[in-house]
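This report refers to the structure that appears directly beneath it.
The values are calculated or read from the model by the stated rules, or taken from the named source; none is laboratory data. Quick caveat: nothing in here was measured; it's all calculated off a predicted structure. Cβ sites come from the backbone with ideal geometry, for glycine too, and all protein chains shown count toward neighbours. Please note that ligands, DNA and RNA were not included when accessible areas were found on the heavy atoms of the full protein model with its side chains. Shrake-Rupley method; radii C 1.70, N 1.55, O 1.52, S 1.80 Å.
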Amino acid sequence: MQNYKGWLFLASLLLYLLFAFGLIGLTLPTLFAWGAALLHWPQLGSTIKIQAGCLFGLGLLLLGLAASQDSWLGLEQIMSINLPLLAMFSAVSFLALTNSDKADEPLPLGKKSIASTALGVNLLGAIINLSVIFIMGDRLAQRRPLTNTQQIILTRCFCAAAWWSPFFIATAVSLTYAPGMQWLDVLFPGLLMTGLALLLSSVEVMIKDKGEFAGYPIKAESLRIPLLLACSVMALHFVYPAISIILIITCLAPIAALGFAKGSSKLVIARNFIRHRLPNVGSQFVLFLAAGVFSAGIKSLLSAYPDFLNLQDLGFSALSFALILAMMIIAGMLGVHPVVSIAVASPLLLPMEPAPSQLGFLFLSSWAISAGSSPLSGVGLTMMSRYQFSSRQLLKNNWHYAILMWLSCSMLNAFIL
C-alpha cells in the first residue's frame, strides 16, 4: 500500500473537488483523506506524531465533555473541518514542477532581499493565499532548512494580507459576521497595520541577520507561475464570485503546474510526481486532520456552555475592544481557528451594538495576528509539518510580535476608528 500513497492523496483531492461542485457527498473525500493520513503515519517523525496525537486526544476529550451536555456537531463535520485546506495542499504541491530557478543559483542576500521578500509574500499571498508559502518556502529551503528569520518574514508578512486583501478568506468571514461592514471602511486601517507588520518584521530580521538574510529571488522568471495563477484567480473570482478562492486555486494549480512543467511527456511527469513527491503532503494531512478534531472539540464545548463567555454587560469601548481582541488572539494561540473564534464572538458582541467597521476590524486583526503568530494556525502547522519547525520555536519567534500588533490595533481603534 505504501507504493500507492500518492494515488490515495490524489483521490482525496479529486473526490473533494467532486463534492465541492455538488456531484457527491462529503463522506468519500473524508474517508480517503483519513485513509491517506493513517497510511502515512508510520513514516512520520516522533515530534509530529506527538503533536498530532495530543491534538487528536484533546479534541476527543473536549468532544466527550460537550456530548455529555447533548452538544454534538456530527461525525462527518468533525472529521472534515480542514478538508478544503488539505485539498489545496495537495493541489499546490504540484507547483514544485514549475520551479525554474537553478538549484546552484545563490539566493539574494542583504537588506534589499528582506524588503523584497516581505513585500512579495504579502502582495502575492493577498491574491493566491497559502500557495505563496509553498512557492517561496520550497525555494528558500532547497539548500538548507528555513531559518528563524525566513520563517518570520514568510509567516507574518503573508498573514498581514488578511488586514486588507478582499481575496483573503478573513475578509469574507468578517463581512459575514459583522453585518453592515463595508470593505472600504476598514481598508485604510488595514493598510496601516499591514505596513507596520512588514516594517517591524523587516527591521527585526535586519537586526538579527545583520545583512546575511537569504531572500526569495524576485524576478520575472521565478514569478511567472505565481503571477499567472494570481491573474487567473482574480479573473475567475470576478466571473464566479460565489466560488471560494481556495477552490479556484485547488482547481488551477495542478493544471498550471503540468502546463508549464519542463519535459516531453506530461503524463510521465504527472505519474512520477504522484508516486514519488505527492506523498510529501502526508505530514500536513495528519496534523491538519488532528487539528480539525481539536477545533471541533473547542467549538462543541463553547456550544455546550454558552454562558462561559458572557460579554453582554460590557460596553463596546476601546478597552473592551482590546480585551476581546486579546482573548481571540489567545484562543488562536491555543489552536482555535479564527473562523471558530469569530463565529463564537459575533453573537456575543452584536447585542453590544458595535460600529460595523470596528467589529470588522476586530475580526480581521484577530485573524492576521493569531494566524501569523500561533504554531497551531494553518500557517503555523504548515511550518511545522513541511519545514520542520517546532511549536516552541514558532512561539519564541513570534510571541512579542503578537503583543506589539495587539497594542497597535487597540491604539488604532481607539484613536482612528
Answer from A162, A115 - the residue that is under 21 Å from L395 (Cβ atoms), out of contact with any strand residue (DSSP E or B) (no Cβ under 8 Å at 6 or more places or on another chain) and modelled with pLDDT of 85 or more: A162
Apart from one, (1) closer than 18 Å to C157 by Cβ; (2) surrounded by fewer than 24 Cβ atoms within 10 Å (Cβ to Cβ); (3) touching a residue at least 12 places away in the same chain (Cβ under 8 Å) all hold for L364; the odd one out is (2)
Just to check your reading of the model, which residue among S317, S357, S300 is over 16 Å from I81 (Cα atoms) and in contact (Cβ under 8 Å) with a residue 12 or more places away in the chain? S357
Among the residues of the stretch 20-38 satisfying the criterion of being hydrophobic (A, V, I, L, M, F, W, C) and without any contact (Cβ under 8 Å) to a residue 60 or more places away in the chain, which is least open to solvent (accessible area, probe 1.4 Å)? L26
The stretch 51-98, residues that are over 29 Å from L258 (Cβ atoms) and of a type in the set (F, W, Y): F56, W72
Going by what's in this entry, would S300 be described as part of a helix (DSSP H, G or I), over 14 Å from the mean Cα position of the chain (by Cα), among the small types (G, A, S) and modelled with pLDDT of 90 or more? no
Would you be able to say whether some residue in the stretch 409-417 is modelled with pLDDT under 90, closer than 20 Å to P179 by Cα and either touching a helix residue (DSSP H, G or I) at 6+ places or on another chain (Cβ under 6 Å) or among the hydroxyl-bearing types (S, T, Y) (or both)? yes
Restricting the first residue to the stretch 63-78 and requiring it to be touching a residue at least 24 places away in the same chain (Cβ under 8 Å), which pairs with a second residue that is open to solvent by 40 Å² or more (accessible area, probe 1.4 Å) and of a type in the set (G, A, S) meet a Cβ separation below 7 Å and a spacing of at least six or different chains? A66/S303; S71/S303
Would you mind listing the helices (runs of 4 or more DSSP H) fully within the stretch 8-109 where at least 2 residues are more than 22 Å from I245 (Cβ to Cβ)? 27-40, 46-67, 75-79
Do we find a residue being open to solvent by 60 Å² or more (accessible area, probe 1.4 Å) and modelled with pLDDT under 80 anywhere in the stretch 265-286? no
Please return the ranges of helices (runs of 4 or more DSSP H) entirely within the stretch 348-417 where 2 or more residues are closer than 27 Å to V281 by Cβ and touching a Ser or Thr at 6+ places or on another chain (Cβ under 7 Å). 356-373, 378-387
I'd like the residue in the stretch 45-81 that is open to solvent by less than 40 Å² (accessible area, probe 1.4 Å) and of a type in the set (A, V, I, L, M) and, out of all such residues, is nearest to A20 (Cα to Cα). I78
Mind checking which residues of the stretch 271-290 are of a type outside the set (F, W, Y), assigned to a helix (DSSP H, G or I) and under 18 Å from F134 (Cβ atoms)? I274, H276, L278, P279, N280, V281, G282, S283, Q284, V286, L287
Return the total of residues in the stretch 66-83 being more than 23 Å from P338 (Cβ to Cβ), more than 27 Å from the chain's Cα centre (by Cα) and not charged (D, E, K, R). 3
